[in-house]
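The values are calculated or read from the model by the stated rules, or taken from the named source; none is laboratory data. Fair warning: this is a prediction, and the values are worked out from it, not measured in the lab. Here Cβ is always computed from backbone atoms with ideal geometry, including for glycine, and neighbour counts include all displayed protein chains. Remember, those area values only see protein heavy atoms, side chains included, never the ligands or the DNA or RNA. Shrake-Rupley method; radii C 1.70, N 1.55, O 1.52, S 1.80 Å.
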Amino acid sequence: MLEQVITGISPKPPRLFIYGTEGIGKSTFAASAPGAIFIQTEDGLGMIDCVKFPVATSYQMFEDQLNALMQEDHQYKNLVIDSADWLEIRTHKYLCEKYKCDGLEKVDGGYSKGYRYAAEIYFEVLQKLDWLRDNKEMGIVLLAHAKIEKYNDPEASGFDRFSPRLNKLTNDITKEWADAIFLATRRFGAAREESNGNERILRTVGQNNFVAKNRYNLPEEIPLDWRAYQTALYNSFTNRNRKGKGI
């Protein structure tokens, strides 16, 4: 068993979970990833030049598209799911049809079983995404819309914060799974000569008013630009390798 012990850094393609308000530029950002292919669970890519499957209007259609990437030969390097919250809606509809009921609260007799079953389906999806990452070396990008939620901090008074627009069970599973959670937003107070008066950025480290994290020691803010993100990621790995060599 001791011969199986692993030491040092073992980098794999990142698993990104990016959320933000509508129209902020999440899909445009992800479309710039090299070799990107989209699985659409909502119809919002019509004006973006990208490679994409037809809109998955059901969970079964989504699963078929995901399985195709697992089973067939291809050269795609990054898989983008747009969006995670609409995928959750598809799983809810799938469960309601399976159990012949008109609401997730009534699935299999109720008692929150529907939300638990939906989270289990989502976990299976994440496992398939990990398979693509491990066996086809694909980076994974999940996009989601933002919501404002109440958060009770045991060490402080409660407050509102931005979070991905998912049910709590699904949200918790996805947040633990992701290597990085970014909030796509604007830095207000930027130069007035800019057309919109503010700069679009990714926030990478969580604070009281929003959910974020990363396992790469990235700067707290990165421009909402794929090249800027890649540069920050490269610098992170370079710095870690230098520290590992005692530099």
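Shown for region 44-116: the carbon plus sulfur share of the solvent-accessible area, taken with all protein chains present and a 1.4 angstrom probe, equals 51%. Put E88, E97 in order of accessible area, highest first, and with a 1.4 Å probe you get E97, E88. Excluding same-chain neighbours fewer than eight residues apart, the aspartates and glutamates reachable from K213 by a Cα-Cα span under 16 Å are D172, E176, D179, E221. Once both labels are positioned 7 Å from their Cα atoms along Cα-to-Cβ, the gap between Y216 and E97 label points is 3.7 nm.
Cross-link partners of K98 among lysines, defined as those whose alpha carbon lies under 17 angstrom from its own and excluding same-chain residues fewer than eight positions apart: K106, K113.
Suppose the chain between T21 and F53 were pulled fully straight at 0.36 nm per residue; how much longer would it get relative to their current alpha carbon spacing? If you can, show how the numbers build up before the last one.
Values: separation 32, 0.36 × 32 = 11.52 nm, distance 2.34 nm.
Working it through step by step, the gained length comes to 9.2 nm.
Label-point separation (nm) for T238 and R187, each offset 7 Å from Cα along Cα-to-Cβ? According to this spin-label approximation, the distance is 2.0 nm.
State the extension gain, in nm to one decimal, for the chain segment bounded by S112 and D64, taking 0.36 nm per residue of separation less the distance between their alpha-carbons. Present the calculation step by step, with values, prior to reporting the outcome.
Details: separation 48, 0.36 × 48 = 17.28 nm, distance 2.75 nm.
Length difference between fully extended and current span is 14.5 nm.
For the listed residue pairs K12/K147; K12/K150; K77/K128, the alpha carbons are over 27 angstrom apart in K12/K147; K12/K150. Is the C-alpha gyration tensor of the chain telling us rounded, prolate or oblate? Criteria: a/c under 1.5 is rounded; beyond that, a/b larger than b/c is prolate, otherwise oblate. Rounded is the answer for the chain, as its axis ratio a/c remains below 1.5.
Figure note: F210, F53 ranked by solvent-accessible area, largest first, 1.4 Å probe, ligands and nucleic acids not counted: F53, F210. Rounded to the nearest 500, the 222 nm mean residue ellipticity of the chain from helices alone is -11500 deg cm²/dmol, with -39,500 (n - 2.57) taken per DSSP H run of at least 4 residues.
What's the ranking of 18-25, 71-78 by average number of surrounding C-beta atoms within 10 Å, highest first?
Working: 18-25: 18.4, 71-78: 11.2.
The most tightly packed comes first, giving 18-25, 71-78.
Enumerate the residues in region 93-115 having an amide nitrogen under 19 Å from the point lying 7 Å beyond the Cα of D172 toward its Cβ. Residues 105, 111-115 fall inside that zone.
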